[in-house]
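Chemist: What follows is a structure written as structure tokens; I'll ask about it next.
The values are calculated or read from the model by the stated rules, or taken from the named source; none is laboratory data. These numbers were taken from a predicted model, which means no experiment stands behind them. Quick reminder, even Gly has a Cβ in these numbers, built from the backbone with ideal geometry, and neighbours come from all protein chains shown. Side chains are part of the model used for accessible areas, which takes the heavy atoms of the whole protein and leaves out ligands, DNA and RNA. Shrake-Rupley method; radii C 1.70, N 1.55, O 1.52, S 1.80 Å.
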Amino acid sequence: MTEWTLTDTERPWTTNSERRWHYHKRAQVVRDARTRWAWRALAAGIPRLDRVVIEAQPLAKDRRWKPDVAACYPSVKAAIDGLVDARVLPDDNDRHVIGLTFLPVEIGKQNGLRLTIMEIL
């Protein structure tokens with residue numbers, strides 16, 4: 001099984017914060033995230049994949065910002081959409097993304113979001 005790890009240093013937004021935003025702000029944040037993730041995938045040289053399992057893990061500098069395990073779902077959805085935009089995945093439906101796992105927050109040196117993309121043969 002081949003895998004790739006991509007890390008974005010923008011702090012992922014949560015479901016609760018997204019609910020408070022005006023729809024114009026949400027659209028812009030999602031658009032920016034999709035673009036960042038598409039460029040990261042292209043820079044990493046990830047080839048076109050048919051079936052994958054994805055692990056998503058939020059990163060935090062300290063314990064003051066530690067979201068619930070799946071609270072970063074909107075950020076992860078935008079990241080996966082970025083993989084589709086980069087043509088790494090044909091679509092983000094269940095034929096191509098056969099598993100999505102949320103790992104607990106990793107406390108470390110930076111805020112961000114890490115995706116590990118594992119090809120299923």
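Chemist: Give the residues of the range 31-81 that are under 11 Å from the mean Cα position of the chain (by Cα) and β-branched (Val, Ile, Thr), sorted by residue number.
Modeler: Ile54, Val76, Ile80
Chemist: Continuing with this model, one more query. Out of Ala60, Ala41, report the one residue that is crowded, with 16+ Cβ neighbours inside 10 Å and touching a helix residue (DSSP H, G or I) at 6+ places or on another chain (Cβ under 7 Å).
Modeler: Checking each option against the conditions leaves just Ala41.
Chemist: Criterion first (within 15 Å of Cys72 (Cβ to Cβ), of a type outside the set (Val, Ile, Thr) and either touching a residue at least 24 places away in the same chain (Cβ under 8 Å) or touching a strand residue (DSSP E or B) at 6+ places or on another chain (Cβ under 6 Å) (or both)) does Asp8 satisfy it?
Modeler: yes
Chemist: Considering (1) part of a helix (DSSP H, G or I); (2) within 14 Å of Leu115 (Cβ to Cβ); (3) of a type outside the set (Asp, Glu), say which one Pro58 fails and leave the rest.
Modeler: Checking Pro58 against (1) part of a helix (DSSP H, G or I); (2) within 14 Å of Leu115 (Cβ to Cβ); (3) of a type outside the set (Asp, Glu), the one that fails is (1).
Chemist: Every residue in the range 1-25 that is assigned to a helix (DSSP H, G or I) and under 16 Å from the mean Cα position of the chain (by Cα), please.
Modeler: Thr15, Glu18
Chemist: Which of the residues belonging to the range 94-121 are in a loop (DSSP other than H, G, I, E, B) and among the charged types (D, E, K, R)?
Modeler: Asp94, Arg95, Lys109
Chemist: Would you please name the residue that is most open to solvent (accessible area, probe 1.4 Å), looking only at residues in the range 94-121 that are of a type in the set (A, V, I, L, M) and farther than 19 Å from Pro74 by Cβ?
Modeler: Leu121
Chemist: Among the residues of the range 67-93, what is the count of those that are open to solvent by 20 Å² or more (accessible area, probe 1.4 Å), outside any helix (DSSP H, G or I) and modelled with pLDDT of 95 or more?
Modeler: 5
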